[in-house]
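S.K.: My questions all concern the structure below.
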Amino acid sequence: MLYRKLGKTGLKVSVIGLGGIPIQRVDEKEAVEIIKECKNQGINFIDTARGYSVSEEYIGKGLKEVGRSSFYIATKAPSYNYDDMKKSIEISLEKLDLDYIDIYQIHNVSYQWQMDDVLSKNGALKALIEAKEEGKIKHIGITSHNKDMLSQAVEYSQFETIQFPFNPIENQGLDVFKEAKEKNIGIIGMKPIAGGVFREAQLSLRYIINSEMITLAIPGMDSVDQVVENAYAGKKIIALNEEEQKLIDKEVKELGEDFCRRCGYCTPCPQGINIPLMMVLENYVKRYNLNDWAVDRYNAQINKASHCIECGVCEGRCPYNIPIINRLKSVKETFE
């Protein structure tokens, strides 16, 4: 496994880390096996979040099995004021069952009011600085889907890492990455396989690692096989050949700009529609020709795309400005 220094944190991290979102889909036993395999493959970085249901707890169980010293642990919370962040840090320590957390990040700062709260006199940053002084956390980070927020964050020396989407179709953060590198800020690339929709996963990971724009990529993994496959991309720098680049370009063109990254920020829908699932199922029909499977899954849903009343709540939450209402209309046409 290749390792890089995570900016001014000084942490030497594997170029492939474990993204902790999907681990909530498996049971505790399988989660522990996934973490064991990460160690076997040389992965030494795990990213999770307060909002990922049981993810912190499962990861804590895994660390008991493999040893705390085998991993650097990063977690995060969408807590923007002092009191909320103080509480979140304590909850994360309890759920992970740790004495300290390597990197605590402010989760998904997407709007100016959130950034203003974070940086205010009684903001989340103050709580993180205190926690660092107390030894409860070692380093401070911030994540976002809005590069304008991170452009502001990198001006503050207290932030040691940033986390932002990066893959062949999402390169909108390159200018922020360059600025962060100049300031020796560690860069964590989320959504390295575009939320799981990029078919050529290995090529996407190689594209990211070869770019040297980020320190590490954190694909979400919910099986031992995925750990082995994704870790392979981090074992050696292998240049993309012309044919591989053509495959990437083809997929980028097919996905377009309004594909769903399955980040889940559009949920919960007031009508109970599982919006990301609706778009994924349509994708299975149109891109993978899994018609029967997708139709069965769609019909099993109690609340379908046709239940959309066009209230627009979801579109107001989407960090990618996807025209969700129109996309749901397309889903309805596909399945109904």
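S.K.: From the list VAL26, VAL54, which residue is among the aliphatic types (A, V, I, L, M), free of Cβ contacts under 8 Å to residues at least 40 places away in the same chain and out of contact with any strand residue (DSSP E or B) (no Cβ under 8 Å at 6 or more places or on another chain)?
M.R.: Matching residue, one of VAL26, VAL54: VAL54.
S.K.: Further, regarding this structure: Can you name every residue in region 53-70 that is more than 13 Å from GLN24 (Cβ to Cβ) and β-branched (Val, Ile, Thr)?
M.R.: VAL66
S.K.: Hey, could you check region 192-215 for residues that are over 19 Å from ALA239 (Cβ atoms) and modelled with pLDDT of 90 or more and say which is surrounded by the fewest Cβ atoms within 10 Å (Cβ to Cβ)?
M.R.: Top of the filtered list is ILE193.
S.K.: Okay, moving on. Can you name every residue in region 216-233 that is assigned to a helix (DSSP H, G or I) and surrounded by fewer than 21 Cβ atoms within 10 Å (Cβ to Cβ)?
M.R.: Passing the criteria: VAL224, ASP225, GLN226, VAL228, GLU229, TYR232.
Residues are listed down the side, and each one gets a yes or a no for (1) under 19 Å from THR48 (Cβ atoms); (2) part of a helix (DSSP H, G or I):
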| residue | (1), (2) |
| --- | --- |
| ALA180 | no, yes |
| ASN184 | no, no |
| GLY189 | yes, no |
| PRO192 | yes, no |
| ARG206 | no, yes |
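S.K.: Is it the case that some residue within region 160-173 is in the same structural domain as LEU98 (by TED's automatic domain parsing) and either in a helix (DSSP H, G or I) or more than 22 Å from the chain's Cα centre (by Cα) (or both)? I'd like the intermediate steps shown before the answer.
M.R.: As a first pass, look at region 160-173 and keep what is in the same structural domain as LEU98 (by TED's automatic domain parsing): 160-173.
Now restrict to residues that are either in a helix (DSSP H, G or I) or more than 22 Å from the chain's Cα centre (by Cα) (or both): none.
The answer is no; no qualifying residue exists.
S.K.: Quick one: is TYR100 assigned by TED's automatic domain parsing to the domain that holds ILE43, of a type outside the set (A, V, I, L, M) and surrounded by fewer than 23 Cβ atoms within 10 Å (Cβ to Cβ)?
M.R.: Against the criterion (assigned by TED's automatic domain parsing to the domain that holds ILE43, of a type outside the set (A, V, I, L, M) and surrounded by fewer than 23 Cβ atoms within 10 Å (Cβ to Cβ)), TYR100 qualifies.
S.K.: Restricting to region 48-95, count the residues that are basic (Lys, Arg) and either farther than 12 Å from ILE35 by Cα or buried (at least 22 other Cβ atoms within 10 Å of the Cβ) (or both).
M.R.: Result for region 48-95: 5.
S.K.: So, one more: Give me a count of the residues in region 126-162 that are within 17 Å of LYS8 (Cα to Cα) and at pLDDT below 95.
M.R.: The number of residues fulfilling the criteria is 0.
S.K.: Which members of region 109-158 meet the condition of being surrounded by 14 or more Cβ atoms within 10 Å (Cβ to Cβ), of a type in the set (D, E, K, R) and more than 26 Å from ASN321 (Cα to Cα)?
M.R.: If the condition is that a residue be surrounded by 14 or more Cβ atoms within 10 Å (Cβ to Cβ), of a type in the set (D, E, K, R) and more than 26 Å from ASN321 (Cα to Cα), then LYS126, GLU130, LYS132, LYS136, LYS138 are the ones that fit.
The values are calculated or read from the model by the stated rules, or taken from the named source; none is laboratory data. Worth saying up front: this structure is predicted, and the values here are computed from it rather than measured. We place every Cβ from the backbone using ideal geometry, glycine too, and count neighbours over all the protein chains shown.
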